[in-house]
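In what follows, a structure is listed as structure tokens, so that the remarks can point back to it.
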Amino acid sequence: MKIRQYHHQDLNEIIELFQQTVYCINKKDYSSMQIDAWINTTSKEIRSSKWHKEFTKNFTYVAEKKGEIVGFIDMTTKGYLDRLYVHSQFQRMGIASQLLRKIEAIVCEYSLSEIRTDASITALPFFEEKGFIVITKQNVDIRGIQLTNYQMIKKFV
């Protein structure tokens, strides 16, 4: 497996991976109504445009295995980890850990003091294992549907 920087041509595959992962993995912690709200917050066209702009500005990396994108991560220049997703068929193989290590190296390189994220219920144990602590549990409203997630932080000295 290789970790590399995001390229514009990755966008459609990343969006498909995101949707498939949320449907398959997060369904154990969220209802079908919550999953639908999460997936359908915007149209695919709006998501494509928005994500491409963000991925271009952010530190964005993909994990690739045999030419297939199996995971991706992006973090803002201020240390907000916005997205970390691994394909449902590649869970528990260390891919998320490798992607996070890549971002942590960026944090050190740019002398950032912390990484912040909003973690799903599903991702909470992963981030806790990686040294993040919960700041607060929050309920987020997406199109009238409430979803629980956790504001988390990891400090670097």
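So in segment 37-55, with the set limited to residues that are assigned to a helix (DSSP H, G or I) and without any contact (Cβ under 8 Å) to a residue 24 or more places away in the chain, which one is least open to solvent (accessible area, probe 1.4 Å)?
Ile39
Which of the residues belonging to segment 85-100 are closer than 15 Å to Gln19 by Cβ and modelled with pLDDT of 95 or more? Let's see the steps before the verdict.
Here is the first cut: in segment 85-100, the residues closer than 15 Å to Gln19 by Cβ are 85-89.
Within segment 85-100, Tyr85, Val86, His87 qualify.
Suppose we filter Ser111, Ser88 for residues that are more than 12 Å from the chain's Cα centre (by Cα), under 25 Å from Tyr30 (Cβ atoms) and of a type in the set (S, T, N, Q); which single one remains?
Ser88
Within segment 1-28, which residues are farther than 17 Å from Ala63 by Cβ and either open to solvent by 70 Å² or more (accessible area, probe 1.4 Å) or touching a strand residue (DSSP E or B) at 6+ places or on another chain (Cβ under 7 Å) (or both)?
His8, Tyr23, Asn26, Lys27, Lys28
Within segment 73-89, which residues are basic (Lys, Arg) and either open to solvent by 70 Å² or more (accessible area, probe 1.4 Å) or at positive phi (or both)?
Restricting attention to segment 73-89, the residues satisfying the condition of being basic (Lys, Arg) are 78, 83.
Answer for segment 73-89, where residues must be basic (Lys, Arg) and either open to solvent by 70 Å² or more (accessible area, probe 1.4 Å) or at positive phi (or both): just Lys78.
Can you name every residue in segment 121-144 that is out of contact with any strand residue (DSSP E or B) (no Cβ under 9 Å at 6 or more places or on another chain), within 17 Å of Trp38 (Cα to Cα) and modelled with pLDDT of 95 or more?
Thr122
Do we have any residue at all in segment 70-84 that's among the polar types (S, T, N, Q), at pLDDT 95 or above and either in a helix (DSSP H, G or I) or touching a Cys at 6+ places or on another chain (Cβ under 9 Å) (or both)?
no
Scan Tyr30, Tyr61 and give me the residue that is at pLDDT 95 or above, more than 18 Å from Met152 (Cβ to Cβ) and hydroxyl-bearing (Ser, Thr, Tyr).
Exactly one residue qualifies, and that residue is Tyr61.
Being within 18 Å of the chain's Cα centre (by Cα) and either hydroxyl-bearing (Ser, Thr, Tyr) or open to solvent by 50 Å² or more (accessible area, probe 1.4 Å) (or both) is the filter here, so list the residues in segment 141-157 that pass it.
Taking segment 141-157 as the starting set, the residues that turn out to be within 18 Å of the chain's Cα centre (by Cα) are 142, 147-154.
Result: Thr148, Tyr150, Gln151.
When you go through Arg92, Arg101 one by one, which is the residue that is among the basic types (Lys, Arg), over 15 Å from Tyr150 (Cα atoms), assigned to a loop (DSSP other than H, G, I, E, B) and open to solvent by 70 Å² or more (accessible area, probe 1.4 Å)?
Of Arg92, Arg101, the one residue that is among the basic types (Lys, Arg), over 15 Å from Tyr150 (Cα atoms), assigned to a loop (DSSP other than H, G, I, E, B) and open to solvent by 70 Å² or more (accessible area, probe 1.4 Å) is Arg92.
Restricting segment 113-137 to residues that are open to solvent by less than 40 Å² (accessible area, probe 1.4 Å) and in contact (Cβ under 8 Å) with a residue 40 or more places away in the chain, which is farthest from Ala96 (Cα to Cα)?
Glu114
Being of a type outside the set (A, V, I, L, M, F, W, C) and in a strand (DSSP E or B): is that true of Thr122 here?
When the stated conditions are applied, Thr122 does not pass them.
Listed residues Tyr110, Tyr85, Tyr80; which is hydroxyl-bearing (Ser, Thr, Tyr) and either in contact with a Phe, Trp or Tyr (Cβ under 7 Å, 6 or more places away or on another chain) or touching a residue at least 40 places away in the same chain (Cβ under 8 Å) (or both)?
Values: Tyr110 fails: either in contact with a Phe, Trp or Tyr (Cβ under 7 Å, 6 or more places away or on another chain) or touching a residue at least 40 places away in the same chain (Cβ under 8 Å) (or both); Tyr80 fails: either in contact with a Phe, Trp or Tyr (Cβ under 7 Å, 6 or more places away or on another chain) or touching a residue at least 40 places away in the same chain (Cβ under 8 Å) (or both).
So the residue among Tyr110, Tyr85, Tyr80 that is hydroxyl-bearing (Ser, Thr, Tyr) and either in contact with a Phe, Trp or Tyr (Cβ under 7 Å, 6 or more places away or on another chain) or touching a residue at least 40 places away in the same chain (Cβ under 8 Å) (or both) is Tyr85.
The values are calculated or read from the model by the stated rules, or taken from the named source; none is laboratory data. Just so we're clear, the structure is a prediction, and the values are computed from it rather than from any experiment. Cβ: placed from backbone, ideal geometry, glycine included. Neighbour counts: every protein chain shown. These accessible areas exclude ligands, DNA and RNA; they are computed on the full protein's heavy atoms, side chains included. Shrake-Rupley method; radii C 1.70, N 1.55, O 1.52, S 1.80 Å.
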